Amino acid sequence: MRTLSLLAAGIAAWVLLPAAAQAQATAEGADKIRLGLKDWIATHLATADKSVVFNFQGPITVEPQGKFYKAVIPKSEILFTAEGDTARLALDPVELQLTPQENGWLDTVATIPTTYRVVTDKKDEGVEVTIGTQALRGVFAPQYHAFMSLDGKLGQITARSLDPAEAKGAFKVDGLALVGDSKAVGPDTYDSTGSVTLSGISFIDETGAQLLRLDGATLEGKAAAANMAALRAFSDKLTDLQKRYPPQADGEMPKEFLTDLGRVFQGTPKLFDDFGVSYGLTGAEVTPGEPDVEKVTLASAGFGVGLTGLAKDGSTFQITFDLAQLGIQPLPEFGQFIPHSATVDLALTNLPNQALLQALTGMLDSSATLGPDQAAEIAVAQLQQAVMNGNGALEIRSFKAASPLTTIDLTGTLRPNPKAPLMLTGDATLVVSGLEDALEAAKAAPDGQEMVQGLTVLQTMGAQDTIDGKPARTYKLVVGENGDILLNGTDLKPLLGMR
């Protein structure tokens, strides 16, 4: 909901610093804060295309009260418009206690409304959200338009449909926590981490049956050497572009927008050295109540992406994934082949930073004259050339999966090589165990004939090995500079119809 953005919009810039000495609140400071709040809401919450509009029932008030300011954002109605339909959210006042610090930042304690009701023009269509407990605090830096720390908790969150027929249904969250921590590493530059954690999540349908339960879900972010001044300037330029170039009737952005966007990227200094985001969940249980699938459980799962080395000539893009204790009841046909656990760690290393930026800005700049499709084709060709001539690699650092019958473990490295016949070289090793058990299960399955054929070929091509005392098959693939494709020393080109 939009009001929560008053505390959460600065999540990407969380920084937790030691509290500075307090400064005295003044009438002049109150005026600056009032104007700043008005501008911040207009800039970050309302939208240029009027798809989100705030109608306040009175002015924003800020009063000095000794060491702090008391600010009240008045009662309001927010209109959300999409495809001709409008939804309305009536909000009670938001109260802020703002204590100025010597560095000009504001230690902020917020009290937000406890009930949010979104309604539409259609009868019984809408949702009501209630919050049972709250404790919200952060440190806001006016010069960055961002919260520099957040330590917030919301509890007993419940969302219900306004349709009487769905009165038994609800989406519930026992707790929501916002936490950030970081340190200054230079002028306007910070290393920071932050997280949003949900606990006790459940979804109950209109019959009162629980369809989903999650013990917890987490979003975590981190940035190294984040330039807060540059991030603020970059954000302001993007906001200005959106105001100057509203979407056209067909939903597309004007061509001139892409040209100016390219100039913004070209003129923007480095925003950070490293950046990463990860998502995770624990204790999942889904009970759809269908005959084929009664219950799905999962101990944990996670996904992450990261970009490191932007301050260097080459950067690394990394993707990670993990899965633990996936269970399906009853087990479907071929369910014994479905992985119940997995880990993946892939990386593209030594990506040419300057060439990537030039390709991106060139594509945006030429889109106005050449059109987006042709500009993208040229950019892709430029990127391929830059990567091919670089010293990068695709590293399969880990690719493991285990099912009740089999386990696989793949590692390897592939490198672009313009001098090689196949334009790449590298090697990879795959270890598979449990093939014998998988073959027996496939033979016993009514529709397992094709799987039997595939597993037999796989078993034949592998070299016999022993892993942890169990029989296994190993597959060592080598792609050479002379164009050879060798599997366990055997040339695969004839099998692939190649010379």
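Some points to look at:
- Taking the C-alpha atoms of the chain, convex hull volume expressed per residue in Å³: 205
- Derived scalar couplings between HN and Hα for the range 189-206 equal 10, 9, 8, 9, 9, x, 8, 10, 10, 10, 10, x, 8, 8, 10, 10, 7, 5 Hz in order, rounded to whole Hz, by the Karplus curve 6.51 cos²θ - 1.76 cosθ + 1.60 (θ = phi - 60°), x for Gly and Pro.
- Protection proxy ranking, peptides 414-426, 284-296, average beta carbon neighbours within 10 Å, highest first: 414-426, 284-296
- Förster radius 22 Å - calculated FRET efficiency between residue 422 and residue 358, Cβ distance, rounded to 0.05: 0.20
- Remark: the chain carries 54 Å² of accessible area per residue (probe radius 1.4 Å; ligands, DNA and RNA excluded).
- Accessible area of the range 256-410 belonging to carbon and sulfur atoms, whole % at 1.4 Å probe: 60
- In the assembled protein chains, residue 303 presents an accessible area of approximately 90 Å² (probe radius 1.4 Å).
- Distance between the range 23-66 and the range 449-499 - C-alpha centres, whole angstrom: 67
- FRET efficiency, 1/(1 + (r/R0)^6) with R0 56 Å, evaluated for residue 311 and residue 290 via beta carbons: 0.60
- Whole-number percent relative contact order across the chain, with pairs defined as alpha carbons under 8 Å at least 6 apart: 8
- Residues whose amide H comes within less than 5 Å of that of residue 69, counting only those at least five positions distant or on another chain, are 98, 99 (H built at 1.01 Å from N in the peptide plane).
- The heavy atoms of residue 161 offer some 40 square angstrom of accessible surface to a 1.4 angstrom probe.
- Note on surface exposure: 77, 450, 83 rank 83, 450, 77 by accessible area, highest first, 1.4 Å probe.
- Ignoring lysines fewer than eight residues from residue 312 along the same chain, the ones with Cα atoms less than 17 angstrom from its Cα are 270.
- 19 Å cut-off, amide nitrogen to a point 7 angstrom out along residue 79 Cα→Cβ, residues in the range 106-123: 117-123
- With all protein chains modelled, accessible area of residue 380 [1.4 Å, Å²]: 70
- Interchain or long-range residues, amide H under 5 Å from residue 472's placed H: 465, 466, 467
- From phi via Karplus (6.51, -1.76, 1.60), per-residue ³J(HN,Hα) for the range 382-394 in Hz, x at Gly/Pro: 5, 5, 4, 5, 5, 5, 5, 8, x, 10, x, 7, 9
- Whole-angstrom gap from the range 368-434 to the range 210-263, using each part's C-alpha centre: 28
- Length released on extending from residue 259 to residue 466, taking residue separation times 0.36 nm less the Cα-Cα span: 68.6 nm
- Heavy-atom SASA rank of 199, 315 (probe 1.4 Å, accessible area, largest first): 199, 315
- Three-way shape call for the range 278-436 based on the alpha-carbon gyration tensor, with the a/c threshold at 1.5: prolate
- Sum of -39500 (n - 2.57) over DSSP H runs of 4+, divided by residues of the chain (222 nm, nearest 500): -7000 deg cm²/dmol
- Computed from the C-beta positions of residue 50 and residue 236, the FRET efficiency with R₀ = 25 Å rounds to 0.80.
- Note on residue 485 and residue 271: the model spin-label points, each 7 Å out from Cα along the C-beta direction, lie 4.0 nm apart.
- With respect to the chain, whose longest principal axis is taken over its alpha-carbon atoms, helix 228-244 is tilted by about 80°.
- Separation of the residue 319 and residue 183 label points, Cα + 7 Å toward Cβ, nm: 3.4
The values are calculated or read from the model by the stated rules, or taken from the named source; none is laboratory data. Small disclaimer: the values here were computed from a predicted structure and weren't measured. Glycine also receives a Cβ, built like all others from the backbone with ideal geometry; neighbour counts cover every protein chain displayed. These area figures cover heavy atoms from the full protein model, side chains too; ligands, DNA and RNA do not enter into them. Shrake-Rupley method; radii C 1.70, N 1.55, O 1.52, S 1.80 Å.
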